[in-house]
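Worksheet for the structure shown next.
Values in this text are rule-based calculations from the coordinates and carry no lab data. What you are looking at is a predicted structure, and each value in this text was computed from that prediction instead of being measured. Glycine gets a Cβ as well: all are built from the backbone with ideal geometry, and neighbour counts include every protein chain shown.
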There are 2 protein chains.
Amino acid sequence: MNGWVGTILRVDLAAKTIKKEPLNLKDARDYVGGRGLGTKYFCDEVDPKVEPLSPENKLIFMSGPLTGTGAASAGRYEVVAKAPLTGTIGAANSGGYFGPELKYAGYDGIIFENSSDSPVYLYINDDIVEIRDANNLWGKTVNEATDMLNGECGESFKVSCIGPTGENGCLFSGIINDKHRAAGRGGLGAVMGSKKLKALAVRGTGSVNVARPEKFMDAIVDARAKLKAHPVGGAGLPAYGSNVLVNIINESGGLPVSNWRDGAYFPDAAAIGGESLAEKYLVKNKGCFGCSISCARVTRVPDGPFKSSGEGPEYEAAWAYGADCGVSDLAAICKANFLCNEYGMDPITLGSTIACAMELSEMGAIPESDIGFKLKFGDPQAIVDLTEAVGKNEGFGKILALGSYRLAEKYGHPELSMSVKKQEMPAYDARAIQGIGLEYATSNRGGCHVRGYVISPEVLGVPFKVDPLVTEGKAGLLKLFQDLTALIDSLGICLFTTFGLGLPEIASQYREAIGSNESDEEILLKGERIWNLEKHFNIAAGVEKDTLPPRLLREKLPEGAAEGRVSELYEMLSEYYELRGWDNEGVPTPDKVEALGIKL
Amino acid sequence: MNGWVGTILRVDLAAKTIKKEPLNLKDARDYVGGRGLGTKYFCDEVDPKVEPLSPENKLIFMSGPLTGTGAASAGRYEVVAKAPLTGTIGAANSGGYFGPELKYAGYDGIIFENSSDSPVYLYINDDIVEIRDANNLWGKTVNEATDMLNGECGESFKVSCIGPTGENGCLFSGIINDKHRAAGRGGLGAVMGSKKLKALAVRGTGSVNVARPEKFMDAIVDARAKLKAHPVGGAGLPAYGSNVLVNIINESGGLPVSNWRDGAYFPDAAAIGGESLAEKYLVKNKGCFGCSISCARVTRVPDGPFKSSGEGPEYEAAWAYGADCGVSDLAAICKANFLCNEYGMDPITLGSTIACAMELSEMGAIPESDIGFKLKFGDPQAIVDLTEAVGKNEGFGKILALGSYRLAEKYGHPELSMSVKKQEMPAYDARAIQGIGLEYATSNRGGCHVRGYVISPEVLGVPFKVDPLVTEGKAGLLKLFQDLTALIDSLGICLFTTFGLGLPEIASQYREAIGSNESDEEILLKGERIWNLEKHFNIAAGVEKDTLPPRLLREKLPEGAAEGRVSELYEMLSEYYELRGWDNEGVPTPDKVEALGIKL
């Protein structure tokens, strides 16, 4: 077996049984691995109408055929389940070292079924796989649980776990591996918590074979060289991490301020960007398995009221707690972000949910007595205190733990949740950057920037520059990015490799690893197949239509490069459906489904 | 028995039994009659969580203690049920001659329980009450059914019935008596249809006693004289009907245009107003039982593509089909309104729902194939054709029949439904007239203008003029209007009497009719009690919070007297809750409930 290692673990948490079964190689060829193959297994086995936090939901960990190989930045794995935040297919990707370790232990993936009645963790030491008691781990933070498991199992084990918020059903709790890398969005941590599965601890001593070792070496050397030579993948990201984007996006007039209420230019942007982080709080850069970019930041706030240390924040988290909450105190943002990692929460959703609460509070829609204090934009202590309240499941934190949509709905203003399909959109304003609006609206997991990152051409000029203010041509560009991203997430490599690599380099690595002679186009088609399968699941699950919050469609930007603009989503959407071969309500046609070879 | 006649009919449509039971006089004293007493019976007997179109919902017809007496404009009765459009308590008031006739037959009200399995009507000829077969009436329009019943029972019978839309479950179908008077809002016609009750035909030869005949005569003479002497109740309304308001409201900058998207000044207002109607299509004025105002209009479009005849349109219908749909062709508006009467539909909700569809269609959110043609604002043929489609339950009409909220939600934009609690707000822009916004938000049956018509002081200067653009003082004014209106709707007199009468005149008529020595304040307190009981029901039913569509809270008026303004709802809402003695989420406190003597 090449690329894939050939075995899937099937773990029944109720019956406490563990089975090893051969990888379905036909499906692996059609759906690649990671996100695609995880979704295929999921769709074949689970009713789309399943209640996400019920035992009938399954939780799938899946690596890709390049995970753990020498391909550029190939440390990724995917977690798949029906997402409690959105009700869509939930698929969240994470880096670090956990994915490669799972493959070295001999497993492409793990399918968790049913729920345990008391806390457990899964122990994997090559061939030895056990469901172990985790009563002592329950309630522990990510750092605590990881340290305890490394003490119990050994320092060489890689740990993926949930924090207390996953145990408490927080709808945006994530699954955190290697202490700081997260399968963060959609609330998959709550699915894991509902199964009483606290963690996985994995050690593997095997390896991953490739089909054509010499050609594979040529392909990865070429890819790595191109990535290093690229100004973004080789310089910008390594220098300042993803947070280098704050000033760039702000200058484009696309950095949303105060729950997107006050336009998209934040005067204090410089204070919260990657350059300031490097100057004030950076300890060192850090990379995931096999990655030359090393975009992660080890950071420390050495003193003051927000004294703390950890990793991050990424750009989207810095925006969510910063510009979106009207906060320019970087120390507070760092601390709030560290707390998210500790308690196992998605900072994009939580920061945005706090921003939404700030707007509702300022307009008088949330009684002060519900929050306990007068909540306003720009309050650094509030973002830290409310993050802690969600982490500890206390007071108003219990309401924030439902995400901004359910919060805003409770207080009579669902339209003030800046979300799509109940998941919060991140840090790029769709009024200033038209293509990203189409991406948010059509994303298969709700508001999200990594399902077709057209910011790359629209703002960064990678692989070529297009005008962010025009709608023409964006539908076709987005479709390409969505299909390519589905492929990348399924291969087990990092999306950031696209800051240097294109389809030819990515397809080459895949071909030589598994021994395929498929063309670039045939390989890209797998991405399109995956995208359509996800869409099909969402339709069967009854997910709402593709659209954007009304604010983006009708409240004009008051200043900046895109002054006076709204999102012209509907100028792009019909064309997008047409290019996808879907009907005019966005449903894949039977012809399209058949052409892609999807068996429903 | 004075004022009330002392008997309630209880009709079980499944068991086909009819019982006569004594009026609960204690409740009648506390909750007056009509809206208040109907709601009291309903709340005591029906689970607030009941499915509105299930047999377990009850349908109550209730007159008031002044209905059928010589009090000014005392021809009103109320229908009460849980409303399918809103899920709130549904209470709709109607004039004409049906209510007095019911009392002359000897009944204060009728409680319909359960559902028949085939179409029936209720025959009342004084003491003779029968459930009769109505298979021949099913599918007939209001005019047809009324004529057939008058043929079958006799010309002196007064008929209240549903049109085909009530049979088909249209969520804004009404109950129409005397062919043109409607208990119109909230979809009570669908409740009647779900019970397979097509009509009531009533003849009564009795009378209504009053306690102190001479003093009662003094009171009604005084009231009638004041009403006739008033510039609005005695001149404006008689001259041009309610549609006199089009030009007045437009000049105040408060006439919403194109689903409230294009501000609140309609350049073509003159073409659709009461003056034009009088000039072009008026046949004669018409009044209800005992009314000196005679605001109804018999109208006829003599030729052209919209040739038709009937009654109306009222101001709110002329606005809904006119300015709100961007239509300035008065003939088309008349025809659409006639069709509403014929098919038994609320023209405020249907006109607004078509306007909402126009906006969704123009922005691309509704595929053209769903509608069958390119729907745009300003198309007179479209308002007629779509009204007919709903009436006949054909094509896109089946979707429009759900009202604008469910329409807009289906197409991904619930926020573009200009509704409160899923019922469409009528013809007064809350950005230009601040108090009416608070009224819409807090109305106990969703968006509605007749639950506290503060347009009266804010625009018309009755009984005194207040500035429509300020928020100060509006909470107290509204509370007074809401309580007074609840009293008026329960007495069986017309709300329009307030264009001339105040609490002293209204309370006098009540006191002398039933023989009471209660003070004006004690009588007004009954209105407050009714308001709180309704609110309690809605909370128990799980109705959403008091708020307004986002457009009113954030999209500024582009021109007119209120240029640049939004609704400042939240500046008024807390004060309103405080004045009501409710908590800060708008829930009546136990102390308040006890003080009002409400038994829950």
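Given contacts defined as C-alpha pairs under 8 Å and at least six residues apart, what's the relative contact order of chain B, whole-number percent?
Numbers: 1513 pairs, mean separation 97.7, N = 600.
Relative CO of chain B lands at 16 percent.
At a temperature of 4 °C and a viscosity of 1.567 mPa s, determine how fast the stretch A:92-197 diffuses translationally according to Stokes-Einstein, using the Kirkwood radius over alpha-carbon pairs as Rh; express D in µm²/s, rounded to the nearest whole number. Please list the in-between numbers first.
Details: Rh = 13.8 Å.
Using the Kirkwood radius from Cα pairs, D works out to 94 µm²/s.
Just the C-alpha atoms of the stretch A:406-542: what Rg/Rh do they give, with Rh taken as the Kirkwood radius? Kindly include the intermediate steps, with their values, before the conclusion.
Working: Rg = 16.5 Å, Rh = 16.1 Å.
Rounded to two decimals, Rg over Rh is 1.02.
State which helices in chain A qualify, where a helix is a whole DSSP H run, it must extend 18 Å or more along its own axis by its Cα atoms, and its mean Kyte-Doolittle hydropathy must be at least 0.5. Could you put the intermediate results ahead of the total?
On the way: long enough: A:213-229 (24 Å, -0.23); A:330-343 (20 Å, 0.69); A:347-363 (24 Å, 0.85); A:474-491 (25 Å, 0.75); A:520-541 (32 Å, -0.45).
Result, helices passing both filters: A:330-343, A:347-363, A:474-491.
Which entries in the list A:Lys158/A:Lys335; B:Lys376/B:Lys422; B:Lys20/B:Lys228; B:Lys158/B:Lys392 go over 29 Å, if you measure between the two C-alpha atoms of each? All intermediate terms of the calculation are to be shown ahead of the outcome.
On the way: A:Lys158/A:Lys335 25 Å; B:Lys376/B:Lys422 23 Å; B:Lys20/B:Lys228 40 Å; B:Lys158/B:Lys392 26 Å.
Over 29 Å apart, Cα to Cα: B:Lys20/B:Lys228.
Quick one: Cα convex hull volume of the stretch B:295-436, Å³ per residue? Display every interim value, and only then the final one.
On the way: hull volume 15.7 nm³, N = 142.
About 110 Å³ per residue, rounded to a whole number.
Roughly how many nanometres apart are two label points built 7 Å out from the Cα toward the Cβ at B:Glu279 and B:Lys465?
The two pseudo-label positions are separated by 2.6 nm.
In percent, what relative contact order does the stretch A:247-388 have, based on Cα pairs under 8 Å that are 6 or more apart in sequence? Mind dumping the intermediate values first?
Working: 234 pairs, mean separation 29.9, N = 142.
It rounds to 21 percent for the stretch A:247-388.
Any idea how far apart A:Asn209 and A:Asp147 come out in nm if each label point goes 7 Å out from Cα toward Cβ?
4.3 nm
For the stretch B:590-597, in order, what is each residue's ³J(HN,Hα) by Karplus, 6.51 cos²θ - 1.76 cosθ + 1.60 with θ = phi - 60°, in whole Hz (x at glycine and Pro)?
3J(HN,Hα) across the stretch B:590-597, in whole Hz: x, 4, 5, 4, 5, 4, 7, x.
What's the average, rounded to a whole number, of partner chain beta-carbon atoms within 10 Å of each residue's beta-carbon in A:352-365?
Shielding by partners across A:352-365 averages 2.
Go through the stretch A:460-467 residue by residue and turn each phi into a ³J(HN,Hα) via Karplus (6.51, -1.76, 1.60, θ = phi - 60°); whole Hz please, and just put x for glycine and proline.
7, x, 10, x, 8, 8, 10, 6
Where in chain A lies the longest segment free of GluC sites (Glu not before Pro) that are both loop residues by DSSP (not H, G, I, E, B) and have at most 13 other Cβ atoms within 10 Å? Kindly include the intermediate steps, with their values, before the conclusion.
Numbers: sites that count: A:Glu155, A:Glu394, A:Glu472, A:Glu559.
Formally, the longest exposed-site-free interval is A:156-393.
Quote the charge dipole size of the stretch A:436-536 about the Cα centre in Debye, to the nearest 20; the model charges only the Cβ of Lys and Arg (+1) and of Asp and Glu (-1).
Around 300 debye, computed over the stretch A:436-536.
Given the pairs A:Lys179/A:Lys410; B:Lys16/B:Lys545; A:Lys284/A:Lys556; B:Lys474/B:Lys535, which span a C-alpha to C-alpha distance of over 30 angstrom in this model? Display every interim value, and only then the final one.
Working: A:Lys179/A:Lys410 34 Å; B:Lys16/B:Lys545 39 Å; A:Lys284/A:Lys556 41 Å; B:Lys474/B:Lys535 20 Å.
Correct reply: A:Lys179/A:Lys410; B:Lys16/B:Lys545; A:Lys284/A:Lys556.
Quick one: in chain B, whose Cβ comes closest to the B/A rotation axis, and how close in angstrom?
Taking the axis that maps B onto A, the answer comes out as B:Glu415, 2.
Among rounded, prolate and oblate, which fits chain B when a ≥ b ≥ c are the square roots of the eigenvalues of its C-alpha gyration tensor, a/c under 1.5 means rounded, and a/b larger than b/c means prolate?
Working: a/c = 1.37, a/b = 1.16, b/c = 1.18.
Because its axes are fairly even, with a/c under 1.5, chain B counts as rounded.
Treating the point 7 Å from Cα along Cα-beta-carbon as the label, what are the nm separations from A:Ala211 to the other copies, to one decimal?
Label-point separations across copies, in nm and ascending: 9.7.
Which percentage, to the nearest 5, of the DSSP beta bridges contained in the stretch B:87-222 is antiparallel?
DSSP beta bridges in the stretch B:87-222 are roughly 70 percent antiparallel.
Skipping prolines and chain starts, which residues have an amide H placed within reach, meaning under 5 Å, of the one on A:Lys82, given they are 5 or more residues away or on another chain?
Residues meeting the amide H criterion: A:Lys58, A:Gly90.
May I ask you to derive the relative contact order of the stretch A:282-360, considering only C-alpha pairs under 8 Å and at least 6 residues apart, and to give it as an integer percent? Kindly include the intermediate steps, with their values, before the conclusion.
On the way: 110 pairs, mean separation 18.5, N = 79.
This gives 23 percent for the stretch A:282-360.
Can you work out the Karplus-derived ³J(HN,Hα) for every residue in the stretch B:423-433? Use 6.51 cos²θ - 1.76 cosθ + 1.60 with θ = phi - 60°, whole Hz, and x for glycine or proline.
Each residue of the stretch B:423-433 in turn: 10, 5, 6, x, 6, 9, 7, 6, 7, 8, 10 Hz.
At 7 Å along the Cα-to-beta-carbon direction for both B:Glu594 and A:Asp591, put a label point, then send me their distance in nm to one decimal.
Reported label-point gap for B:Glu594 and A:Asp591 is 7.2 nm.
Which residues' amide hydrogens lie under 5 Å from the amide hydrogen of A:Ser309, considering only partners 5 or more residues apart or on another chain, with H built in the peptide plane?
Excluding prolines and chain starts, which carry no amide H, the hits are A:Val301.
Report the FRET efficiency, 1/(1 + (r/R0)^6), for B:Glu472 and A:Lys398, where r is their Cβ-Cβ distance and R0 is 35 Å, rounded to 0.05. Let's see the in-between values first.
Working: r = 36 Å, r/R0 = 1.04.
Working from the Cβ atoms, E equals 0.45.
Add -39500 (n - 2.57) for each DSSP H run of 4 or more in the protein assembly as shown, then divide by its residues: what number comes out at 222 nm, to the nearest 500 deg cm²/dmol? Could the numbers behind the result be given before it?
Numbers: 50 runs with 476 residues, N = 1200.
Calculated mean residue ellipticity at 222 nm is -11500 deg cm²/dmol.
Let's test this: bin the Cα-Cα distances of the stretch A:226-330 at 5 Å from zero up to the farthest pair and state each bin's percent.
2, 14, 22, 23, 17, 14, 7, 2, 0
Inter-copy label distances at B:Gly372, 7 Å along the Cα→beta-carbon direction, one decimal in nm, shortest first?
Label point to label point, same position, other copies: 5.9 nm.
Please compute the average number of Cβ atoms from other chains found within 10 Å of each residue's Cβ in peptide A:582-591. Kindly include the intermediate steps, with their values, before the conclusion.
Values: counts 0, 2, 6, 6, 2, 0, 0, 0, 0, 0.
Mean partner-chain Cβ count within 10 Å for A:582-591: 2.
If you put a point 7 Å past Cα along the Cβ direction, how far is that point for B:Gly139 from the same point in each other copy, in nm, smallest first?
Label-point distances to the other copies, shortest first: 7.0 nm.
Roughly what percent of Cα-Cα pairs across the protein assembly as shown reach past 54 Å? Numbers along the way, then the final one.
Numbers: 209791 of 719400 pairs.
Pairs farther apart than 54 Å: 29 percent.
Identify, among A:Ala296, A:Ala320, A:Gly364, the residue whose Cα sits farthest towards the positive end of the charge dipole of the stretch A:280-375, taking +1 on the Cβ of Lys and Arg and -1 on the Cβ of Asp and Glu, with the dipole about the Cα centre.
My answer, from the dipole projection, is A:Ala296.
No solvent, one uniform scatterer per C-alpha: report log10 I(q)/I(0) for the stretch B:132-247 via the Debye equation at q = 0.09, 0.23 1/Å, two decimals.
-0.41, -1.07
To the nearest 0.05, how large is the calculated FRET efficiency for B:Arg132 and A:Thr17 if R₀ is 60 Å and r is the Cβ-Cβ distance? List each step's numbers first, then the result.
On the way: r = 68 Å, r/R0 = 1.13.
So the FRET efficiency works out to roughly 0.35.
For the stretch B:16-92, with the dipole built from +1 on Lys and Arg beta-carbon atoms and -1 on Asp and Glu ones, taken about the Cα centre, which of B:Thr17, B:Thr69, B:Pro48 lies farthest toward the positive end?
B:Thr69
For a quick check: with amide H placed at 1.01 Å from N, whose amide H comes under 5 Å from A:Val420's, ignoring anything fewer than 5 positions away on the same chain?
Those qualifying (amide H under 5 Å, at least 5 residues apart or on another chain) are A:Met425, A:Gly447.
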